[in-house]
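Here is the structure we will look at.
The values are calculated or read from the model by the stated rules, or taken from the named source; none is laboratory data. Bear in mind that the values here come from a model prediction, so they are computed numbers and not experimental data. Positions of Cβ are generated from backbone atoms using ideal geometry, with glycine treated the same way; all protein chains shown enter the neighbour counts. In case anyone asks, the SASA skips ligands and DNA or RNA and just uses the protein heavy atoms, side chains included. Shrake-Rupley method; radii C 1.70, N 1.55, O 1.52, S 1.80 Å.
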Amino acid sequence: MLALAAAAALPALAPLAAQDDGAAAPEPALAVDLERGLPAWRAIVAVLAHPRCANCHVEDNRPRWSGPSYGATRAHAFNVRRGADESGFGNPGLRCMTCHFETNSAKPHGPPGAPSWHLAPAEMAWFGKSSAEICAQIKDPERNGGRSLAEIAVHVRDDALVGWGWQPGPGREPAPGSAEATFAAIERWSAAGAPCPEPD
Ligand code: HEC
Ligand code: HEC
């Protein structure tokens with residue numbers, strides 16, 4: 001029976017396999033559990049879209065100043081830019097680490113700090129994006145640094161710039177929850193087939 005079913009399925013599959021136009025193979029069908037997956041995603045996106053994370057995950061060349069401690073949302077002062085070399089470390093003469101050290105300034109509105117402070121690549125943008133858009137980005141290896149979801153979870157748990165989001169220094173609202181709780185939410189979401197919400 002099984003062999004027969006497989007043989008019967010072959011002719012239908014063959015034309016697909018023959019189409020070698022470089023398009024990605026269709027994802028294997030996962031059992032998607034929306035009831036477990038969507039609440040897990042909401043916990044994750046509450047972190048990613050929070051100002052402590054999104055201020056560094058922008059699609060243009062300017063880090064943002066946003067969140068309660070800033071009042072109005074605006075581009076980073078002092079004409080700070082991503083950097084002509086697109087590295088995210090700033091333009092020569094105004095590198096991020098001229099002001100942002102390895103630890104937070106002790107003063108409110110002083111420069112926050114973590115090792116190797118720099119802007120996330122433009123393709124990893126979340127600032128101003130919808131939950132559905134952020135969800136599509138985070139799952140796309142072309143735009144997430146070639147990471148599996150397991151690797152995304154580990155990055156969130158262990159990376160120093162991410163960790164800063166929960167230790168942002170005086171006067172700054174931390175991201176919700178903790179690195180460990182976000183790691184666990186990504187694992188739950190992934191086990192539930194990593195569903196994304198409907199676009200707004
Ligand atoms: C100071 C800037 C900065 C802050 C703040 C920051 N990030 Fe990032 N983030 C980066 C950089 C730079 C990369 C690219 C690192 C790489 O690919 O190796 C990155 C990459 C990532 C990635 C992997 C790529 C992707 O888009 O899937 C995740 C996940 C991530 N950050 C999560 C967070 C979370 C969660 C927070 C807040 C708690 C945060 N980041 C705060 C700079 C920042
Ligand atoms: C001339 C000094 C200076 C330079 C250079 C600089 N920053 Fe800043 N940055 C600051 C100060 C000061 C603050 C805090 C302002 C406040 O709290 O009112 C800040 C805040 C930020 C924030 C907001 C953090 C939050 O509260 O969420 C981000 C993101 C940021 N900087 C990224 C960068 C990046 C990326 C670079 C390099 C491309 C850079 N900065 C270069 C001084 C600087």
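Size of the dipole of segment 31-156 about the Cα centre, Lys and Arg at +1 and Asp and Glu at -1 on the beta carbon, nothing else charged, in debye to 20?
With only Lys, Arg, Asp and Glu charged at Cβ, the dipole is about 480 debye.
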With a Förster distance of 41 angstrom and the Cβ-Cβ distance between Ser105 and Ala46, calculated FRET efficiency to the nearest 0.05 equals 0.95
Given the rule -39500 (n - 2.57) for each run of at least 4 DSSP H residues, summed and divided by the residues of the chain, what is its mean residue ellipticity at 222 nm, to the nearest 500 deg cm²/dmol? -11000 deg cm²/dmol
Residue by residue through segment 71-87, which ³J(HN,Hα) values in whole Hz follow from phi under the Karplus form 6.51 cos²θ - 1.76 cosθ + 1.60 (θ = phi - 60°), with glycine and proline marked x? x, 6, 6, 8, 5, 3, 5, 6, 6, 5, 10, 3, x, 4, 7, 6, 5
Compute all pairwise cysteine Cβ distances in the chain, then list the cysteines with no distance under 4.7 Å to another cysteine. Cys53, Cys56, Cys96, Cys99
Mind checking the per residue accessible area of segment 95-184 for me, 1.4 Å probe, whole number of Å²? 51
Tabulate in residue order the Karplus-calculated ³J(HN,Hα) for segment 171-185, using 6.51 cos²θ - 1.76 cosθ + 1.60 with θ = phi - 60°, rounded to whole Hz; enter x for Gly and Pro. x, 9, 6, x, 4, x, x, 8, 4, 5, 5, 6, 3, 5, 5
So what are the ³J(HN,Hα) numbers for segment 49-65, from phi and the Karplus equation (6.51, -1.76, 1.60; θ = phi - 60°), rounded to whole Hz, Gly and Pro as x? 7, 5, x, 4, 9, 5, 4, 9, 10, 10, 8, 9, 9, 10, x, 9, 10
Can you compute the modelled spin-label distance between Ser178 and Glu133, with each label point 7 Å from Cα toward Cβ, in nm? 3.3
Apportionment of accessible area to carbon and sulfur, segment 81-144, percent (1.4 Å): 58
Alpha carbon centroid spacing (whole Å) that separates segment 45-76 from segment 180-198: 23
